[in-house]
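I have placed the structure first, in the form of structure tokens, so that the comments after it can refer back to it.
The values are calculated or read from the model by the stated rules, or taken from the named source; none is laboratory data. In this text the structure is predicted, and so the values were computed from the model without any measurement. Glycine also receives a Cβ, built like all others from the backbone with ideal geometry; neighbour counts cover every protein chain displayed. Protein only, heavy atoms only, side chains kept; ligands, DNA and RNA dropped before computing areas. Shrake-Rupley method; radii C 1.70, N 1.55, O 1.52, S 1.80 Å.
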Amino acid sequence: MGPQKLYMEQLMAALAEHLNDNFLHATVSKKRRGGIPDRVKIRPVCIKGENCFQTAVSDGKKEFHKNYRKEDLLQQIEVWLREDYKQIQMDAAGVSLQALVNKKGKAAVRLRENGLFKEAPAAQHNRQKHYLLEEGVPVPFLVDLGVMTSEGRIVKEHYRKFRQINRFLEFVEDVLPALEKGREITIVDFGCGKSYLTFAMYYYLHVKRGYDVRMTGLDLKQDVIEMCSALAEKYGYDKLTFQTGDIASYEGADSVDMVVTLHACDTATDYALQKAVQWKADVILSVPCCQHELNGQIASELMQPVLKYGLVKERMAALLTDAFRGNLLEEQGYQVQLMEFIDMEHTPKNILIRAVRKRSAKKEPNRQLSECMAAWNVKPLLDELLNGRAR
């Protein structure tokens with residue numbers, strides 16, 4: 001029997017079925033990008049009488065371990081297979097499962113039990129997807145913002161917004177280990193707009209996960225800020241406030257743990273990233289918008305056959321802008337990933353920059369990055385803001 005084509009949720013169901021007392025070991029491998037271990041090994045462990053799982057990675061000299069409960073491990077494996085690795089091999093008593101996952105989250109799976117190849121557990125293709133904010137459960141702010149009905153049904157024309165909100169919360173969930181739960185967490189959302197995601201973050205972190213969070217949403221539109229402030233007061237969200245103001249001149253906090261900036265136009269994103277670095281924020285989540293800055297600078301004689309097409313030049317400039325932003329944050333001691341926020345069919349502005357500050361963060365200039373920017377004849381604003389290099 002050849003490998004079966006399964007969706008990610010079906011693969012996770014198959015893995016969940018065999019993460020039990022018969023589990024022996026597993027290996028996640030075939031990395032998609034540099035800067036991460038070649039593989040992650042997983043084995044069962046018993047902690048205070050509870051069956052848990054331990055991961056092991058090596059930097060070539062030392063081996064580092066981390067313990068997980070089953071549910072937490074499954075969530076982590078799904079993140080790895082979506083973003084970092086292509087393959088998982090799992091062995092349990094009498095069972096062997098091997099899966100190769102493509103960029104779209106579909107897996108080719110081979111499952112062998114007692115020496116015979118069998119079909120993996122088949123979750124229905126059309127079953128309801130599990131969202132962090134569930135369908136059928138009314139969420140007050142989603143009702144008032146028109147995304148849900150009072151019965152919790154998703155309004156058809158806003159279903160993409162509902163999916164976008166949940167997708168963003170998945171990114172938030174992934175960075176929770178970087179946020180200390182035993183104290184108040186300060187979050188600033190730059191360019192919050194109508195604040196769908198601001199309310200979603202506060203609701204998810206404070207109401208559903210029990211974090212003590214103080215959040216501020218900042219935007220230029222006074223009428224929008226007044227509406228959002230009224231809603232926050234209505235729900236009793238006393239630590240969720242909204243202010244009218246400009247990102248570059250914002251001085252409303254001395255210390256911030258997490259900075260969010262979604263679709264801040266052009267260089268407004270750079271000012272938000274600068275603020276985050278100055279605050280030594282533990283987490284940055286940024287979905288840039290309207291990257292016009294480098295489009296007027298980019299020039300390369302070697303690449304002229306590509307750049308002579310205006311549309312291609314515009315898209316190249318946008319991609320380079322975000323790539324340089326990621327590298328500049330890495331220089332400042334952040335672990336950075338550029339990830340797909342939502343499907344390209346929904347919006348072309350779908351790159352999310354996720355940056356988590358390393359515990360031993362220190363500034364490490366990247367000579368290769370400087371040479372790359374020079375080769376494209378560009379001087380990004382963020383480079384000037386963070387490093388003082390003249391434009």
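Filter segment 97-152 for residues that are of a type in the set (Gly, Ala, Ser), over 24 Å from residue 341 (Cβ atoms) and part of a loop (DSSP other than H, G, I, E, B); which is modelled with the lowest pLDDT? Please lay out each step first, then the result.
Kept after step one, since they are of a type in the set (Gly, Ala, Ser), are these residues of segment 97-152: 99, 105, 107-108, 115, 120, 122-123, 136, 146, 150, 152.
Then keep just the ones that are over 24 Å from residue 341 (Cβ atoms); that gives 99, 108, 115, 120, 122-123, 136, 150, 152.
Pick out the ones that are also part of a loop (DSSP other than H, G, I, E, B) and you get 115, 120, 122-123, 136, 150, 152.
On the way: 115: 53, 120: 52, 122: 46, 123: 41, 136: 84, 150: 91, 152: 89.
Once the filter is applied, the top-ranked residue is 123.
Name the residues in segment 190-211 that are over 17 Å from residue 146 (Cβ atoms), open to solvent by 60 Å² or more (accessible area, probe 1.4 Å) and assigned to a loop (DSSP other than H, G, I, E, B), would you?
Across segment 190-211, the qualifying residue is only 209.
Filter segment 232-255 down to residues that are of a type in the set (A, V, I, L, M) and closer than 14 Å to residue 201 by Cβ and give me whichever is surrounded by the fewest Cβ atoms within 10 Å (Cβ to Cβ).
Residues of segment 232-255 of a type in the set (A, V, I, L, M): 232, 240, 247-248, 253.
Within this subset, residues satisfying the condition of being closer than 14 Å to residue 201 by Cβ are 232, 240.
Details: 232: 22, 240: 27.
Among them, the one singled out is 232.
Could you list, in sequence order, all residues of segment 194-235 that are farther than 12 Å from residue 141 by Cβ and among the basic types (Lys, Arg)?
208, 209, 214, 221 - these are the residues of segment 194-235 that are farther than 12 Å from residue 141 by Cβ and among the basic types (Lys, Arg).
Take segment 269-283 and flag every residue that is within 16 Å of residue 383 (Cβ to Cβ), touching a helix residue (DSSP H, G or I) at 6+ places or on another chain (Cβ under 7 Å) and open to solvent by less than 10 Å² (accessible area, probe 1.4 Å).
Listed by number, the residues that qualify are 270, 273.
If you check 7, 68, 85, which single one turns out to be in contact (Cβ under 8 Å) with a residue 24 or more places away in the chain and open to solvent by less than 60 Å² (accessible area, probe 1.4 Å)?
On the way: 7 fails: open to solvent by less than 60 Å² (accessible area, probe 1.4 Å); 68 fails: in contact (Cβ under 8 Å) with a residue 24 or more places away in the chain.
None of the other options fit; the residue is 85.
Consider segment 37-85. How many of its residues are part of a loop (DSSP other than H, G, I, E, B) and under 28 Å from residue 131 (Cβ atoms)?
Let us first name the residues in segment 37-85 that are part of a loop (DSSP other than H, G, I, E, B), namely 37-39, 48-49, 59-62, 69.
Applying the additional criterion that residues be under 28 Å from residue 131 (Cβ atoms) yields 69.
Of the residues in segment 37-85, 1 are part of a loop (DSSP other than H, G, I, E, B) and under 28 Å from residue 131 (Cβ atoms).
Taking interchain pairs and intrachain pairs at least six residues apart, which have beta carbon atoms under 8 angstrom, with the first residue in segment 290-313 and of a type in the set (Ser, Thr, Tyr) and the second modelled with pLDDT of 90 or more and open to solvent by 50 Å² or more (accessible area, probe 1.4 Å)?
300/375; 300/377
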